[in-house]
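Written below as structure tokens is the structure these notes are about.
The values are calculated or read from the model by the stated rules, or taken from the named source; none is laboratory data. It should be emphasised that the depicted structure is a prediction, and the values quoted were computed from it without experimental measurement. Here the Cβ is made from the backbone with ideal geometry for all residues, glycine too, and neighbour counts use every protein chain on show.
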Amino acid sequence: MNEITVIGAGLSGSQAALAAADRGVRVKLFEMRGDKMTPAHQSAKASELVCSNSLGGMGETNAKGMLQAELKAAGVNVMQAALEHRLPAGNALAVEREGFAQSITNALERHPNIEFLRQELTQVPNGVVVIATGPLTSDALANDILTRFAHNERLAFYDAAAPVLEFEGIDLEIVYRAGRYGQEADYLNCPFSREEYTVFYAALEQARSHTPHDWEKLEFFEGCMPIEEIARRGVDTPRFGPLKPKGLPDPRTGREPHAVAQLRQEDREGRLWSIVGFQTGLKWGDQKEIVRLIPGLANAEIARYGVMHRNTYLNAPKLLNSSLQFKEHPNVLTAGVLAGTEGYLESAATGWLAGVNAARIAQGLTVVTPPTTTMLGGLVRFLATAESKNFQPMNTNWALIPDLERGDFPQEHAKKKKLGRKEKRPILFERGVLAFQDWLTIEGI
Ligand SMILES: Cc1cc2nc3c(=O)[nH]c(=O)nc-3n(C[C@H](O)[C@H](O)[C@H](O)COP(=O)(O)OP(=O)(O)OC[C@H]3O[C@@H](n4cnc5c(N)ncnc54)[C@H](O)[C@@H]3O)c2cc1C
């Protein structure tokens with residue numbers, strides 16, 4: 001059994017096919033575009049970037065930069081193509097999208113171990129399979145995955161997600177813990193004065209809303225109305241909705257603030273917090289500005305931006321292992337958005353790992369997962385162990401990897417109790433990238 005099937009030639013599937021084929025396994029790669037388009041893609045090229053052309057910030061203080069360094073160390077094709085087609089964009093890894101997609105398409109079409117078929121698959125075939133059909137998986141296949149692999153749990157919906165923040169950047173001098181009307185103090189509360197709210201509201205009103213594609217004209221349910229839509233209904237509407245201050249007196253004044261933004265814990269360790277009721281389709285630059293106008297969040301780092309688009313993804317913690325195999329179907333693997341990641345780079349990274357593991361299964365070898373201190377290791381462990389209730393796709397961020405213990409501080413900081421983000425990140429970066437390189441060598445990958 002030295003053959004595998006990959007379904008989908010987007011960011012994750014292209015990389016899965018190339019990783020497996022480079023390991024001597026024959027790959028049948030099915031891509032429906034060319035025959036049938038998705039509502040967002042414009043071409044039949046593999047690895048087309050459907051929206052922005054950025055693969056994230058680079059360098060050792062950036063979580064995406066760390067994942068990029070790991071992918072570079074592994075010789076991942078998508079990363080190499082991105083560097084070859086890089087455009088000037090400051091510290092961001094922006095790419096010339098046509099050349100980038102063409103070079104991946106060429107690599108797939110010319111690979112002696114890959115048979116690239118332009119065809120929609122409506123069922124998951126037998127054998128070793130990587131399902132990499134992304135957020136716009138065709139309906140027939142989504143239905144097959146749903147019934148045979150996902151316990152009939154709902155798979156596709158309009159993803160209305162609120163921004164998720166890293167705990168570290170939240171100012172606890174301003175933000176206070178409390179539950180509404182004296183309930184369990186599970187929430188972090190950001191109190192607005194009247195003046196702060198006026199400034200915040202004006203910015204929200206002005207923010208350019210992410211222009212939806214025609215296919216994305218959404219019927220908003222009241223429960224997942226984007227914050228910018230709520231704000232359009234009037235200056236006080238958010239204060240009577242998600243920013244309601246009732247029952248949340250600020251312990252320092254004893255009075256209810258003019259408005260309150262509540263943060264809810266997203267992970268078991270409490271390192272990620274989402275803004276309650278703050279789902280948004282605002283452009284990412286605008287989102288950042290607006291979030292930072294919330295009292296106590298001036299220095300907050302956004303781990304995952306809010307989005308509004310159709311999304312198809314699995315409840316990864318219920319269904320998957322950190323090797324990206326289905327727990328109940330170990331010959332079937334998945335990657336990309338379908339596996340519960342968000343982002344081009346994350347899709348390529350999980351595609352690579354799924355391709356490596358699919359090849360290993362076909363060759364009778366054991367599957368592998370990168371160490372916990374690596375960004376890819378942290379991401380796939382999150383997928384396998386996150387809270388399954390209300391699970392949302394995740395992109396790369398620092399809270400996915402273990403923090404530095406005091407004993408890990410370098411000599412020059414040995415006397416400090418705590419390190420700031422600027423001091424800490426290059427150390428986490430080096431620790432993770434070295435661990436990743438060692439892992440590649442030890443496992444012979
Ligand atoms: C509208 C939109 C905008 C986005 N913008 C960004 C952004 O700006 N930045 C960012 O980092 N991420 C963005 N994302 C999220 C995500 O990073 C991308 O969607 C990324 O392309 C996901 O990679 P993937 O491999 O999971 O899916 P895709 O790249 O979409 O690849 C899946 C492939 O499977 C094919 N396929 C589907 N069904 C079948 C079938 N039955 N048989 C055969 N082939 C099939 C599709 O044609 C497609 O080529 C966006 C997502 C959406 C939907």
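Just a few scattered comments:
- Ser323 being in contact with an Asp or Glu (Cβ under 6 Å, 6 or more places away or on another chain), away from the ligand (no atom under 16 Å from the Cβ) and within 23 Å of Phe382 (Cβ to Cβ): no
- Residue within the stretch 359-377 that is within 16 Å of the ligand (Cβ to nearest atom), farther than 13 Å from Asn321 by Cβ and within 16 Å of the chain's Cα centre (by Cα) present: yes
- Residue among Glu216, Glu269 that alone is modelled with pLDDT under 90, surrounded by 15 or more Cβ atoms within 10 Å (Cβ to Cβ) and not assigned by TED's automatic domain parsing to the domain that holds Ala399: Glu216
- Scanning the stretch 14-26 for residues that are touching a helix residue (DSSP H, G or I) at 6+ places or on another chain (Cβ under 6 Å) and either near the ligand (Cβ under 7 Å from one of its atoms) or assigned to a loop (DSSP other than H, G, I, E, B) (or both) returns Arg23, Val25.
- Failed criterion for Thr133 (all others in (1) surrounded by fewer than 19 Cβ atoms within 10 Å (Cβ to Cβ); (2) in the same structural domain as Glu342 (by TED's automatic domain parsing); (3) among the β-branched types (Val, Ile, Thr); (4) in contact with a strand residue (DSSP E or B) (Cβ under 8 Å, 6 or more places away or on another chain) hold): (1)
- Picking from residues in the stretch 27-42 that are outside any loop (DSSP other than H, G, I, E, B) and near the ligand (Cβ under 7 Å from one of its atoms), the one that is surrounded by the most Cβ atoms within 10 Å (Cβ to Cβ) is Glu31.
- Put simply, of Pro238, Pro249, Pro245 the only residue that is in a loop (DSSP other than H, G, I, E, B) and surrounded by 20 or more Cβ atoms within 10 Å (Cβ to Cβ) is Pro245.
- Qualifying residue in the stretch 295-314 (condition: touching a Ser or Thr at 6+ places or on another chain (Cβ under 9 Å) and more than 23 Å from Gly56 (Cα to Cα)): yes
Every residue, every condition in (1) free of Cβ contacts under 8 Å to residues at least 60 places away in the same chain; (2) of a type in the set (Lys, Arg); (3) under 16 Å from Tyr344 (Cβ atoms); (4) assigned by TED's automatic domain parsing to the domain that holds Leu324, yes or no:
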site: Gly8; (1), (2), (3), (4): no, no, yes, yes
site: Arg26; (1), (2), (3), (4): no, yes, no, yes
site: Leu67; (1), (2), (3), (4): no, no, yes, yes
site: Lys72; (1), (2), (3), (4): yes, yes, yes, yes
site: Phe116; (1), (2), (3), (4): no, no, no, yes
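- Matching residues, the stretch 394-445, being over 25 Å from Val368 (Cβ atoms) and among the aromatic types (Phe, Trp, Tyr): Phe409
- With respect to (1) at pLDDT below 95; (2) of a type in the set (Phe, Trp, Tyr); (3) touching a helix residue (DSSP H, G or I) at 6+ places or on another chain (Cβ under 6 Å), the lone exception for Phe409 is condition (3).
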